[in-house]
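Worksheet: the structure to be examined is printed underneath.
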Amino acid sequence: MPPAGDVSGASWPRRLPPQVKIVAAVATILVIVLTPPRPPWVFLGYALILAAVVQSSGVGWRTVFSRMRVEVPFVAFAVLLPFIATGPEVTLGPLELSEPGLWAAWNILIKATLGIVVSILLAATTEAPDLVVGLQRLHVPDILVQILAAMVRYVSVVTGEWQRMSRARAARGFHGHGPRSWPVLARSLGTLFIRSYERGERVHLAMLSRGYTGRLPAAGTAAATSADWSVALVLPLTVLAVAALSWWVAR
Amino acid sequence: MTAVEVRDLTYAYPDGTVALQGVDLAVADGERVAVLGPNGAGKTTLMLHLNGLIEAQSGWVAVNGRRVGPATVAAVRHEVGLVFQDPDDQLFMPTVRADVAFGPMNAGLPESEVAARVAAALDLVGMTDVADRAPHHLSLGQRRRVAIATVLAMDPAVLVLDEPSSNLDPAARREVADTLLQLGRSTIMVTHDLSYALQLCPRAVILSEGRIVADGPTRELLADAALLAEHRLELPYGFDPALTDRVGFGANRPAPDESADQQRRQ
Ligand SMILES: Nc1ncnc2c1ncn2[C@@H]1O[C@H](COP(=O)(O)OP(=O)(O)O)[C@@H](O)[C@H]1O
Ligand SMILES: [Mg+2]
């Protein structure tokens, strides 16, 4: 069962306790989201800061770019906005585009992109069970933590089952292309649901039999020191400084 | 002292399937007992009771003299270590080390003690080298030994294993056997692998259709061809339990092929 993030080696963000990273990531995303879309150069500042973090984190640009594919639905939505929004129009070649629509699209695109990069950084440097432990340490309500812990258990179970089933299909000459494969894929999905549910139950039993009481033990993650906090908070504080600067310049 | 005692245990699954119908079993401290039986006999169901994962519908289970019930179940889970048939059910953490640490951490042990337990357990099963690898990248034999380590790290008084030899190649099968033989604690081994039972457990019981139908020295049970046939148990082709006497089967010694090897070398 694969872990949620690939964690190998130990660069500086990987060594930080999970709760510190969660706070830093959430704070950074908050600042980004709350920044007004104008002036646009602030976001260039944010992007440069994040690029520096990616570069030094050992996560690798390829990982970051390949995981950014989750952003595609946002992009599709944002591209539509200049066409459907109303208000003053600008002419761009043959196109008549709504100016507020363009700004709204820019707003969504840039914030989604930067926010996703921050999330990717967190996910790629923190193992899923550690994320859960981090949330526990931050006193997130138990019920939420338990739901997440269950997801940690099931996500790897489901992906593992799906891999096994795909392999079994492929081994008997099945190609998953075109509408003709859809009935097979649909039935596989049904089977996947039942199989994963049952395996998840067995995994849960095995956890209970090792004394699991609903809280994941904090495996190998020491409590955060003030040094950890000061390292992790550099990111949100720098981003905040850039935001303050832009506000001061635009005043 | 009795490590595990089961009295008149019955259990039916919610869909009405009767899995156990009056099981009686007592296992002494330090004893190794094989629970033999065909598929569907109720072996796994019985095993889940020993750890309080299933609550007895009637009858009871006691571990070290303490009845298993809602009040004692937490303590019992630290005394009885269950190794599941499929290691993929047991291993779910991203690394072997984290997985082996899971039980001791649930017990609330301090971190240094957890680390020591993990190291000792991995050493016992010979899996120290893979401590930092992901369980799903290991071979089945390795995963099974890691699964055993996850339980050993909790230092249980009783070890319960479900089909520990299933799907293993002969070398992996022997390595798991070597591991189990050197542990020297009360062990209940559920299996339909009769030669494995003979090698590892001096005593065996036969569970059939939810009842214990035979209980005695493993060698004697296996010599009773009529009894085995009646309960859908079969010895491997060409296997004669009487011939295994000379090479130390069933005794608390390393696997026979190894001791023979050593004698030859000396
Ligand atoms: N979750 C379940 N729901 C319904 N019936 C079950 C369930 N698990 C096992 N059984 C049934 O209970 C009986 C005993 O099963 P089990 O204890 O798994 O046998 P064994 O491990 O000896 O092969 C079988 O008839 C089996 O079909
Ligand atoms: Mg079974």
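Here, each number is a calculation from the coordinates, and none is a lab measurement. Fair warning: this is a prediction, and the values are worked out from it, not measured in the lab. Positions of Cβ are backbone-derived with ideal geometry, glycine not excepted, and every protein chain shown enters the neighbour counts.
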| query | Given the rule -39500 (n - 2.57) for each run of at least 4 DSSP H residues, summed and divided by the residues of chain A, what is its mean residue ellipticity at 222 nm, to the nearest 500 deg cm²/dmol? | reply | -23500 deg cm²/dmol
| note | Most exposed first, judged by fewest Cβ atoms within 10 angstrom, B:Thr187, A:Thr213 run A:Thr213, B:Thr187
| query | Tell me, what does the Kirkwood hydrodynamic radius of segment A:35-154 come to in angstroms if you use every pair of distinct C-alpha atoms? | reply | 17.0
| said: What would the Debye equation give as log₁₀ I(q)/I(0) for chain A at q = 0.08, 0.09, 0.10, 0.11 Å⁻¹, counting only Cα atoms as equal point scatterers? | reply: -0.45, -0.57, -0.69, -0.80
| Kirkwood hydrodynamic radius for segment B:122-186: how many Å is it when counted over pairs of different Cα atoms? | 12.1
| said: With only alpha-carbon atoms in the gyration tensor, what are the semi-axes of the equivalent ellipsoid for segment B:76-120, in Å, largest first? | reply: 18, 14, 8
| message | I'd like to know which of A:Gly200, A:Leu189, A:Leu135 lies farthest towards the positive end of the charge dipole of segment A:135-209, counting +1 on Cβ of Lys and Arg and -1 on Cβ of Asp and Glu. | response | A:Leu189
| Of A:Gly58, A:Leu109, A:Ala232, which is farthest along the charge dipole of chain A in the positive direction, counting Lys and Arg as +1 and Asp and Glu as -1 at C-beta? | A:Gly58
| DSSP beta bridge pairing in the protein assembly as shown, given as percent antiparallel to the nearest 5 | 60
| task | Note down the magnitude of the dipole of segment A:135-209 about its Cα centre, charges +1 on Lys and Arg C-beta and -1 on Asp and Glu C-beta and zero elsewhere, to the nearest 20 debye. | result | 420
| remark: Per-residue average of other protein chain Cβ atoms inside 10 Å, peptide B:106-116 -> 2
| How far is the Cα center of segment B:14-41 from the Cα center of segment B:73-119, in Å? | 25
| note | For B:Arg203, other-chain or 5+-apart residues with amide H closer than 5 Å (H placed, Pro excluded) are B:Arg32, B:Ala34, B:Thr218
| message | For a protection proxy built on the mean count of beta-carbon atoms within 10 angstrom, sort A:20-26, B:143-149, B:220-226 highest first, please. | response | B:143-149, A:20-26, B:220-226
| Residue order, fewest to most beta carbons within 10 Å, for A:Tyr154, B:Tyr237 | B:Tyr237, A:Tyr154
| message | Over all directions, how big on average is the projection of the convex hull of the alpha-carbon atoms in the protein assembly as shown, in square nanometres? | response | 33.2
| message | Amide H of B:Ala28 versus every other amide H placed in the peptide plane: which residues, excluding those fewer than 5 positions away on the same chain, fall under 5 Å? | response | B:Ala3
| Farthest toward the dipole's positive end in chain B, which of B:His136, B:Leu124, B:Ala229, given Cβ charges of +1 (Lys, Arg) and -1 (Asp, Glu) about the Cα centre? | B:Leu124
| query | So how long is each side of chain B along the principal axes, counting just the alpha-carbon atoms, biggest first, in Å? | reply | 55, 53, 35
| request: Report ³J(HN,Hα) in whole Hz for each residue of segment A:57-73, in order, from the Karplus equation J = 6.51 cos²θ - 1.76 cosθ + 1.60 where θ = phi - 60°; Gly and Pro get x. | output: 7, x, 6, x, 5, 5, 4, 4, 5, 5, 7, 6, 4, 4, 7, 3, x
| task | Return B:Glu31, B:Glu113 ranked ascending by Cβ neighbour count within 10 Å, so the fewest neighbours appear first. | result | B:Glu113, B:Glu31
| Fully extended, how many nm does the chain gain between B:Asp215 and B:Leu140 (0.36 nm per residue separation, minus their Cα-Cα distance)? | 23.8 nm
| query | Can you give the convex hull volume of the alpha carbon atoms of segment B:65-203 per residue, in Å³? | reply | 117
| field | Reciprocal of mean inverse Cα separation for segment A:135-209 (Kirkwood radius, Å) | value | 14.3
